[in-house]
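Working notes, structure below.
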Amino acid sequence: MKRVAAVVAVLALIGVTTWLVWPSAPEARGQDQQITVVDGPADDQRVELDTTFFPPPGGGKAPAVLLAHGFGGSKQSMRDQAVRLAEQGYAVLTWSARGFGRSTGQIALNSPDYEVKDVKQLIDWLAKRPEVQLDASNDPRVGMAGGSYGGAIALMTAAHDQRVDAIVPQITWSDLADALFPNAAAPPTGGTQAAQPTSEAQPASSSPAADQPAGVASGVFKRMWAGIFFGQGVSLDTMSLLGGRESVGPLTAEQARCGRFMPAICDIYQQVAKDGRASPEAVELLRKSSPITVAGQIKAPTLLIQGQRDSLFPLGHADANAKAIAAAGTPVSLAWFDGGHDGGNGEADWLFDQSAAWFARHLKGEESAPAVSAFTVTRDGGRDPGTRQRIRLHPEADSYPGLAGSGTSTVELSGPEQNIVNPPGGAPASISTVPGIGGLLGGQNSPGVSIDMPGQSATFESRPLTTPLQLTGSPTVKVKVSGKGEATLFAKLYDVADDAQPPTLPAGLVAPVRVTIPEGSGSAEATISLPAVDHRFAAGHRLRLVVTTTDMGYATPVEPATYQVSLAANSLTVPTVGTLAAAPTGVAWWVWAMPLGAVVIAAILLATGRTTSRTRLRPAPVTSSDGPGVTKLTAEVNGTTAGGGSSAGAADDGLAVGTKSGDVNGVSAAGVADDGLAVGTDAGMPGRPTSASGDVNGRGADTGDASGGYTGAGDADVPLEISGLTKAYRNGELAVDGLSFRVERGQVLGLLGPNGAGKTTTMRMMMGLIHPDAGEIRIFGERVTPGAPVLSRLGSFVEGPGFLPHLSGRDNIQLYWAATGRPKADAHFDEALEIANLGKALDRAVRTYSQGMRQRLAIAQAMLGLPDLLVLDEPTNGLDPPQIREMREVLKRYARDGRTVIVSSHMLAEVEQACSHVVVMRRGRLVSTGPVSTLLGSAAVTNGHGPRLEDVFLDLIGDKT
Amino acid sequence: MTTATGYAPHRTLPLRVEIVRQFKRRRTLGMFALLLALPWILVIAFEVGPEPTTQAQSALRLSDLATESGLNFAAFALSVSASFLLVVAVALFCGDTVSSEANWSSLRYLLAAPVPRDRLLRQKLIVALGYSAAAVICLPLMALLAGTLAFGWDDIQVPGTGEVIPAFDMLPRFGIVIGYALVSQLVVAALAFLVSTMTDSPLGAVGGAVGLWIVCTILQAVEALGVLREFLPTFWNNAWTDALLPELDWSGMARGASVSITYAAILLAVAFRRFRRKDVVS
């Protein structure tokens, strides 16, 4: 036990030390730097950019990564990510874009004339750094990553500067005009930006406004998002909404009006926000800042990460970017993750891993880097059964099918034509998402709040689905709108579970549409592209299309109006991507490895524990010439035979003393002999391996290895032979110390000794209950080990009875015999029970027995099967005088049949009368052994009466008073 | 002749004998009486208690559905007892088996009979596991009977979504639930058995196993341990609820079984190894 504890402690110490000393990855340290850049259409504006450069902590030359912050952020927002990336072996540069943080200049919305020029000069700066790996002179190996505003600058820079080698734009726009003025309706003559094939990308030099799609001009103003986007007060970064923004002191009048926007942008925004319409100038300005116009020039491999919960830049923007970039032959991957501007950042680690994998492959050129699939979608994998945490699955596809999906299913919708009104002033408005804080209000995974005002919405519903439907992309539906003028409508697709639960609006997204009803026709049809989502409609659920006249996030007409909405076609086209399959997760490796390992460990534990250990305490060091670890018997037990056979060499007093040579007292063999204690030679025992017990040296080899040399060599006729038996208490004190004696057939041996002499310990060792530290016990020539078969010839009663208290005496006896597995006929129940003499009490529960009754029952149990050797410890305890007398007779009779009885007792008078021989022990050592008569004869006659065992005993144990 | 006539080590302590030795104990009978009575007590509690007024809960809990059908009731009974009552029952049967013999002093007479030590442990373990299994099985079966008599034989309603699964489709699943409950209790059994071989106080063995179980449950609440918690033996205790989902999910139960078997194998090996070399002094 102590050893185990010590091993555990040492292991723990080693573990902790290793953990403390283990070299941790070098920490990335940032170097703050002001970098002056010159930009503007005429390259005449000096701007001080506040930057932080994180050299690769490992030293050497490394690829560089530019990390761009989101709108309203600064280089500080990217610090953690930068450190993490730098620790992966990149040189990382973060900077506050012009107009943000401590950088000077004004916000120009990622304009090619301003921000893009700034970043180009940052790349120039990187090319001069000694830590940065170069592809060519003034061409560093560089990647860019960033979210939202920072994602757009990554796309814009990659388009305008071919030195950029890989980009990971996240939750960003393709067309800012379309983001702020979306129109999901495709009138017969036009198409939405998202649906328009952008592969026929126009040359960047052509004026973006020239081919302005009809969709944007008639788009519905996303006024709440636009307000947040342009307003100085609120940041897009929802985290900074909760605090942590740098306070910049009181605002000037101009700052209050325009914040840090360039005045031109500010003016146009204010005009647009007032009208709720995209003016051509506004569209031109926004298009200038839109990657879609230049995406065809991007040559850097691009990983587009777009949020599924993003009402500002929905998935359609990534779709448009991806198509435009892929059309130029540049590798593009898409990931739709669980989050976006409407909240959810639970996948930050996964996003980082994806970005890191992308850079590892395309910047470091590591072929071993984990592959990023062409299309990955984050899906809800339910809850982990154990942790109850949400788990996300990331099914992948080898190609990106677009928002129309790789296949479609059709769901029949039904519903009559319905009247809906646009309330005067556009209020109260339906709610789908509350921009900016929708994620905060609704929490990570709750469906959020979506409310349709009565009277403002037309509803069309499907039958309950018979099979689950996994929607991936943008479903389309054709509706007919009757009325007058221009109808502003919002289409949403609900998932309806049952009547008890409120319907859920996947991702909280709506599709705003503007339908112009031609004069005189009274109605118009429009194909609506519903919001692109990835959503699973469970079997039994219904799909519900709702068309409303208002939505809180958008500018709606203030004029009251009434429309009739009906389905132009009954079918809803649902795109699906069948190839999206979750990477087979399978069971974790440890699920099967751990039990196997445990079974192996268990087998080892059992196999190594099989050797019966006798090595716990080696015999005391032996000083004799026979070498260490040798237990020698200097004096063999005098086998004064039962039949009084000749004891040729017996000394006068007839005492045969066995002790151990080389013992701690250093009593030499010769010394023992000299002491006059007789060393008997048992000539009457044929088959003894050695008879010359006095021959110390001669016996050395024979008894030297008690465990080995003697095995199987014992005498099958000797009921009990103990040699060199030693057992130490836990504290090291010896309970039995070098005990040797021998008992012959037919003897009734009394084992005497004061308390603590080691009698009971010796008896326990006879029963194989405790392991001797040295020496051995042989019963009928067989060495006693735990459970040795020879123990079946031993009947024992040691240290009190042991019965199952809830069973009757008879049951106890019978079940005990059954437990030995021996035939019932061999038990001799009747004889044993006669000794117990319990009468009717035999069928009562043992717990009702008196001490004496249990005692008798236990002796009866010991005698079951009439064992050849009977060991009884204090058998007369608790018996009354007649019973004691009877017991004495029983024992004598028992031995007369050639069996052997060993009795330990304090009642010396009893021993004197019952036993033929005695062994006297004191403090674990043998003091005397021999026939009772001899022992008595040796004692001096005192006090006038004959010798009493008591006197002899007290004399022997040196306690005579 | 080195052995008594008719003695053979492999015939010692037959299972039948050990079963009889343990069966008549008040402890055994009392525990089974409690386990068999508990479903009826629950039935009475549901019958006496006032009807819940509102059913429009978004997430239906197992207890809300207990009175829907016999199967629902049995699942509920299992869920309320698996976390503690069954643990105590298993710890009792496995923790008591060797230590009580040591306590009665009958252990040394069995060993001197002689029943070889490995065989003694093996036979006692088999019987203790048998009693434990009987305890784990009898509770849900009695609950099924009581629930069916009290609430009728209806299809089972799944907690959470409230979906309905036909009763006969659910019966095999119910078998899985009981099977998993058995496997997950294996670690309690092994732990109690190990402690049982180390002490001669039966209460100490049972209490030690239950105590360690409680410590694990408390540790499990420490979120900071993160993924390490998955390797606590108590962590997957309720993974059997996955078997009641409309779509059977094995992953949690597989991990729970893995953890349970791992601990059980090592604990049992340690128990055998220790007992083999132990000095029996009681």
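No value in this document is a laboratory result; all are computed from the given coordinates. Worth saying up front: this structure is predicted, and the values here are computed from it rather than measured. Here Cβ is always computed from backbone atoms with ideal geometry, including for glycine, and neighbour counts include all displayed protein chains.
The calculated FRET efficiency for the pair residue B:23 and residue A:730, based on their C-beta separation and a Förster distance of 51 Å, comes to about 0.85. In units of the compact-protein estimate 2.2 N^0.38 Å, the stretch A:282-322 shows a Cα radius of gyration of 1.27.
Each 10 Å bin from zero holds the following percent of Cα-Cα pairs in the stretch A:754-867: 14, 40, 32, 13, 1. Dividing the convex hull volume of the alpha carbon atoms of the stretch B:74-193 by its residue count gives 115 Å³ per residue.
Relative to the dominant Cα principal axis of chain B, helix B:85-104 is inclined by about 10°. For the peptide A:41-49, the mean number of other protein chain Cβ atoms found within 10 angstrom of a residue's Cβ is 0.
Shape class for the stretch A:805-948: prolate, because the ratio a/c of the largest to smallest gyration tensor axis (alpha-carbon atoms, square roots of eigenvalues) is 1.5 or more and a/b beats b/c. Express in whole angstrom the spacing between the alpha-carbon centres of the stretch B:206-272 and the stretch A:99-169. Cα centroid of the stretch B:206-272 versus Cα centroid of the stretch A:99-169: 52 Å apart. A full extension of the chain between residue A:18 and residue A:419 corresponds to an added length of 136.9 nm, given 0.36 nm per residue minus the alpha carbon distance. Peptides B:14-26, A:543-555, A:897-909, A:781-793 ordered by packing proxy, namely the average of other Cβ atoms within 10 Å per residue, highest first: A:543-555, A:781-793, A:897-909, B:14-26. Could you tell me the calculated FRET efficiency between residue B:164 and residue B:47, based on Cβ-Cβ distance and R0 = 30 angstrom, to the nearest 0.05? Efficiency at R0 = 30 Å is approximately 0.85. Computed over the stretch B:75-145, the range of Cα coordinates on each principal axis works out to 47, 18, 16 Å, biggest value leading. Per the Debye formula on identical point scatterers at the alpha carbon atoms of the stretch B:23-142, with no solvent, log10 I(q)/I(0) at q = 0.11, 0.15, 0.20 Å⁻¹ is -0.51, -0.75, -1.07. How fast does the stretch A:309-373 diffuse by Stokes-Einstein, in µm²/s, taking the Kirkwood radius from C-alpha pairs at 25 °C and 0.890 mPa s? Using the Kirkwood radius from Cα pairs, D works out to 186 µm²/s.
Partner shielding of A:797-809 amounts to 5, given as the average count of beta-carbon atoms from other chains within 10 Å of each residue beta-carbon.
All Cα-Cα distances of the stretch A:478-579, cut into 10 Å bins from zero to the largest, leave 13, 42, 31, 12, 2 percent in each bin in turn. Local charge for residue A:288 was computed over the other residues whose Cβ lies under 13 Å away, with Lys and Arg +1 and Asp and Glu -1, and equals -4.
The lysines whose alpha-carbon is closer than 25 Å to the alpha-carbon of residue A:824, local same-chain residues fewer than 8 away aside, are A:840, B:24, B:124. Normalising the Debye intensity of the stretch A:103-164 to I(0), with uniform scatterers on Cα atoms only, and taking log10 at q = 0.14, 0.17 Å⁻¹ returns -0.39, -0.57.
Could you give the length gained on full extension between residue A:536 and residue A:279, defined as 0.36 nm per residue of separation minus the Cα-Cα distance, in nm?
Gain on stretching residue A:536 to residue A:279: 88.6 nm.
Determine, from the Cβ-Cβ distance of residue A:113 and residue A:588 and an R0 of 41 Å, the FRET efficiency 1/(1 + (r/R0)^6), rounded to the nearest 0.05. Using R0 = 41 Å, I get an efficiency of 0.15. Other protein chain C-beta atoms within 10 Å of residue C-beta, averaged over A:760-771: 4. By how many degrees, between 0 and 90 and to the nearest 10, does the Cα long axis of helix B:70-82 differ from the longest principal axis of chain B? So the inclination is approximately 50 degrees. The radius of gyration of the Cα set in the stretch A:1-141, together with its Dmax, comes out at 21.7, 84 angstrom.
Spin-label model, residue B:5/residue A:102: points 7 Å from Cα along the beta carbon direction are separated by 10.4 nm. Model label points for residue A:408 and residue A:825, set 7 angstrom from Cα along the Cα-to-Cβ axis, are 9.3 nm apart. The base-10 log of I(q)/I(0) for chain B, evaluated at q = 0.17 Å⁻¹, reads -1.31 [Debye formula, identical scatterers on Cα atoms, solvent excluded]. The slack between residue A:380 and residue A:562, meaning 0.36 nm per residue of separation minus the straight C-alpha distance, is 61.5 nm.
Exceeding 21 Å between C-alpha atoms, which entries from my cross-link table qualify? They are A:727/B:278; A:299/A:323; A:75/A:364; A:222/A:299. Working shown, then result.
On the way: A:727/B:278 14 Å; A:299/A:323 13 Å; A:75/A:364 24 Å; A:222/A:299 32 Å.
The answer is A:75/A:364; A:222/A:299.
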